[in-house]
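The values are calculated or read from the model by the stated rules, or taken from the named source; none is laboratory data. This is a predicted model, so every value here is computed, not measured. Neighbour counts run over all protein chains shown; Cβ positions are idealised from the backbone, glycine included.
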Amino acid sequence: MAWKIMVTGATGIVGREIVRRLHQREVEFVAACRQEGAFPEDIKNISLDYANPATLDQAFRNVDVLFLLIPFADSMREWAENAVGAARRAGVKLIVRTSALGADPGSPYLWLRTEGEINRMLSESGVPSVLIKTNSFMQNFDRLYGEALRQGALYLPEGEGRTSFVDVGDLANVVTEILVNPFNHLGREYSITGGRALSNAEALSILSTRCARRISYVPVTEEITRKALKKIGASSWWIEFVLSRHRSVRDGEGEEVTNTFQELTGLEPRTFEDYSEELAESLLVRPGGVDLH
Ligand SMILES: NC(=O)c1ccc[n+]([C@@H]2O[C@H](COP(=O)([O-])OP(=O)(O)OC[C@H]3O[C@@H](n4cnc5c(N)ncnc54)[C@H](OP(=O)(O)O)[C@@H]3O)[C@@H](O)[C@H]2O)c1
């Protein structure tokens, strides 16, 4: 029997990789996000908004397996409650959710506590689920820090903390495997990491070699980052959320390395060296006024 699959967050960094894989494998699915017409005609696309429960009730009708991606945002808890509530009302049979490695409603770190509270709400909702807890993405270096890297230095309050960075393509491989065989994973929880943990200094040393140019990591205080976030108008909740992410890395919470990716896919995780080749190319293609050669 073919399950009716919906992929939310379909235009995001993770969602579009899942969409690409399902499409290549000729699996039937619907891609969902707020934006309409975000995909070519041969990909079924529906618009929904977590802030608007009526759109969710409508969208989740006839969905069996829902990949639920709740992005980091001030309203993420409310959005998740709306989505899980609508999925329950619509009779969704299984929710597959990506969350964060270390997510725990009792965590001292706001971001891991928030992720943990959403996971607990999902498990108490009565809708069967599969939980994929992932470490931070390699792609954050481009998406969040690209401009700083082009300028030659990354300033973060992460001390010498190490992270087993995950490639979003690897994460999408795991999600895709689960979506095509969802009921083999019912009730399971998986922790996905990269193959080894790197400090920011080590990561940028790898990138510097690829760029043939020095790009430094400069550890700073939380106060400096707080001021920078205030300056761009971030809400106080968001500032605490972001600072708690950095603090958790500084405290060593991102160091764990698991074999779950290999066990689920039979593949080796992408290395930071390999990702750096791609990142170096994008930094060189879009230089920020500094000599990159
Ligand atoms: N980034 C990391 O390093 C990291 C670390 C640990 C865990 N994670 C996990 O990774 C996931 C984050 O995914 P991501 O980086 O792919 O997110 P993303 O790139 O920010 O994409 C967010 C997606 O959600 C959609 N969206 C945003 N607001 C929405 C709303 N109100 N209603 C419906 N859809 C909405 C966006 O599309 P539209 O704007 O078109 O609606 C987009 O498709 C989360 O599950 C998080 O727990 C990330």
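Numerical summary
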{"item": "For VAL175: the one exception among (1) in contact with an Asp or Glu (Cβ under 9 Å, 6 or more places away or on another chain); (2) surrounded by fewer than 19 Cβ atoms within 10 Å (Cβ to Cβ)", "result": "(2)"}
{"item": "Among the residues listed as LEU69, LEU56, the single one being aliphatic (A, V, I, L, M), within 21 Å of GLU115 (Cβ to Cβ) and more than 8 Å from the ligand (Cβ to nearest atom)", "result": "LEU56"}
{"item": "Residues located in segment 132-177, provided they are outside any loop (DSSP other than H, G, I, E, B), touching a strand residue (DSSP E or B) at 6+ places or on another chain (Cβ under 7 Å), polar (S, T, N, Q) and under 24 Å from ARG214 (Cα atoms)", "result": "THR163"}
{"item": "Sole exception among (1) touching a Lys or Arg at 6+ places or on another chain (Cβ under 7 Å); (2) crowded, with 19+ Cβ neighbours inside 10 Å for MET6, by number", "result": "(1)"}
{"item": "Residues being part of a loop (DSSP other than H, G, I, E, B), more than 17 Å from ARG210 (Cβ to Cβ) and at pLDDT 95 or above - total across segment 239-293", "result": "13"}
{"item": "Filter result (surrounded by fewer than 22 Cβ atoms within 10 Å (Cβ to Cβ) and either under 30 Å from GLU273 (Cβ atoms) or within 16 Å of the ligand (Cβ to nearest atom) (or both)) within segment 181-197", "result": "GLU189, TYR190, SER191, GLY195, ARG196, ALA197"}
{"item": "Lone qualifier among ASP142, ASP104, ASP64 - being more than 9 Å from the ligand (Cβ to nearest atom), in contact (Cβ under 8 Å) with a residue 60 or more places away in the chain, among the charged types (D, E, K, R) and under 20 Å from ARG245 (Cα atoms)", "result": "ASP142"}
{"item": "In segment 34-53, the residues that are at pLDDT 95 or above and within 9 Å of the ligand (Cβ to nearest atom)", "result": "ARG34, SER47, LEU48, ASP49, TYR50, ALA51, ASN52"}
{"item": "Cβ pairs under 6 Å, 6+ apart, first in segment 1-26 and in contact (Cβ under 8 Å) with a residue 24 or more places away in the chain, second more than 8 Å from the ligand (Cβ to nearest atom) and aromatic (Phe, Trp, Tyr)", "result": "ILE5/PHE29; VAL7/PHE29; VAL7/PHE67; LEU22/PHE29"}
{"item": "Subset of segment 75-101 (residues that are surrounded by fewer than 16 Cβ atoms within 10 Å (Cβ to Cβ) and within 11 Å of the ligand (Cβ to nearest atom))", "result": "SER75, GLU78"}
